[in-house]
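The values are calculated or read from the model by the stated rules, or taken from the named source; none is laboratory data. The shown structure was predicted, so the numbers you read here are calculated from the model rather than taken from an experiment. Here the Cβ is made from the backbone with ideal geometry for all residues, glycine too, and neighbour counts use every protein chain on show. Note: accessible area is taken over every heavy atom of the protein model, side chains too, but ligands, DNA and RNA are not part of it. Shrake-Rupley method; radii C 1.70, N 1.55, O 1.52, S 1.80 Å.
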Amino acid sequence: DTSDLEFYFYRQPFVTKLEPKSGLTSGGTMMDISGAWFQEIPMYGVFPFCKLGDNVVRGRFVSTTRVQCNSPPTKSSGMAVKIEFSLNGQDWIDTGHDFGYYERPELFDIRPRYGNIAGGTEIWLKGNKFSNATNGLKTVMCRFTQMPEPTAPGDEDENGMQEADDFNPPVRFM
């Protein structure tokens, strides 16, 4: 009897914003996707999906205006791929956004190695594979984190410094 069959209709979702717009070729970059009419209704097979080029990944429903997807790994570096979105893994919409893949940059040196605690010190990075990470921009974003303090007072760290010698503990470039 076909009277028990159901078909679920949903509004066509749309994407207004996607961040970040690039990530490592190894994958795993969490993309935040903003828009409207996102849903997740397991009973009807309604789940968010992202397609980056030919690679499909299941997304994580956060709200009707936000979804997250992890970028899949790729062998292609320096290329941007089209991002599509679906609520059923079959019917895809073009988000109007691209995602660029790049190889992990290699850092050999940073100059100067110290600066004002208030920030604003311009630094120079020396290494390889920076150009493929900038998507044609002239700048690279850096993040600095506080390094843990030595465990015992008076112990020397790997740079031969005493804890008492550190007015401001060093930071680690990530």
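Couple of notes before you dig in:
- Residue count, the stretch 66-85 (criterion: at negative phi and assigned to a loop (DSSP other than H, G, I, E, B)): 8
- Residue within the stretch 65-73 that is under 16 Å from the mean Cα position of the chain (by Cα), at pLDDT below 95 and open to solvent by 30 Å² or more (accessible area, probe 1.4 Å) present: yes
- Residue 126 vs. criteria of a type in the set (D, E, K, R), at pLDDT 80 or above and within 30 Å of residue 43 (Cα to Cα): no
- For the stretch 86-102, a residue qualifies if it is part of a loop (DSSP other than H, G, I, E, B) and touching a strand residue (DSSP E or B) at 6+ places or on another chain (Cβ under 7 Å), and the qualifying residues are 87, 88, 89, 92.
- Evaluation of residue 27 against the conditions (1) closer than 30 Å to residue 130 by Cα; (2) modelled with pLDDT of 95 or more; (3) out of contact with any Asp or Glu (no Cβ under 7 Å at 6 or more places or on another chain); (4) open to solvent by less than 30 Å² (accessible area, probe 1.4 Å) shows that the sole unmet condition is (2).
- Of all positions in the stretch 45-61, at least one carries a residue that is farther than 22 Å from residue 14 by Cβ, open to solvent by 50 Å² or more (accessible area, probe 1.4 Å) and not in a helix (DSSP H, G or I).
- Residue check: residue 34 meets all listed conditions (1) in contact (Cβ under 8 Å) with a residue 24 or more places away in the chain; (2) not in a strand (DSSP E or B) but one, namely (2).
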